[in-house]
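The values are calculated or read from the model by the stated rules, or taken from the named source; none is laboratory data. Since we're looking at a predicted model, the values are computed, not measured. So basically every Cβ, Gly included, is an ideal-geometry build from the backbone, and we count neighbours across all protein chains shown. Heads up: the accessible areas ignore ligands, DNA and RNA and are worked out on the full protein's heavy atoms, side chains in. Shrake-Rupley method; radii C 1.70, N 1.55, O 1.52, S 1.80 Å.
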Amino acid sequence: MFVRCDEELAVGMQVNLNFTILADEIEVIEGVGEIVRLQEEPRGIGVEFREMTEETMALIERLVEQGGVA
């Protein structure tokens, strides 16, 4: 996933992820990710999840089945 970020971070760093999305209601996604890509324009990082809560996994599975967030 892409995250806009102005900080200078390095590929391979682990980051704690915690953000909200609006699905049927406000939902929280949280877990640990690893930076796999740096991007200049727009500035940000590519992150792959390495660990996530059971609630986050269930939410992501539900969103994929429904075709994403409206």
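Descriptive notes on the structure:
- Residues in segment 54-70 that are exposed (fewer than 10 other Cβ atoms within 10 Å of the Cβ) and either of a type in the set (Asp, Glu) or modelled with pLDDT of 95 or more (or both): 54, 65.
- Per-region count, segment 26-55, residues in contact with a strand residue (DSSP E or B) (Cβ under 7 Å, 6 or more places away or on another chain) and more than 25 Å from residue 10 (Cα to Cα): 3
- Looking only at segment 54-63, and only at residues there that are over 17 Å from residue 2 (Cβ atoms) and either part of a strand (DSSP E or B) or hydrophobic (A, V, I, L, M, F, W, C) (or both), the one that is farthest from the chain's Cα centre (by Cα): 58
- Evaluation of residue 12 against (1) modelled with pLDDT of 90 or more; (2) among the small types (Gly, Ala, Ser); (3) open to solvent by 50 Å² or more (accessible area, probe 1.4 Å) (one fails), failing number: (3)
- For segment 18-53, taking the residues that are in a strand (DSSP E or B), open to solvent by less than 100 Å² (accessible area, probe 1.4 Å) and among the polar types (S, T, N, Q), the one that is farthest from residue 5 (Cα to Cα) is identified as 20.
- Scope segment 27-44; condition closer than 14 Å to residue 17 by Cα, out of contact with any Phe, Trp or Tyr (no Cβ under 6 Å at 6 or more places or on another chain) and modelled with pLDDT under 95; matching residues: 27, 28, 30
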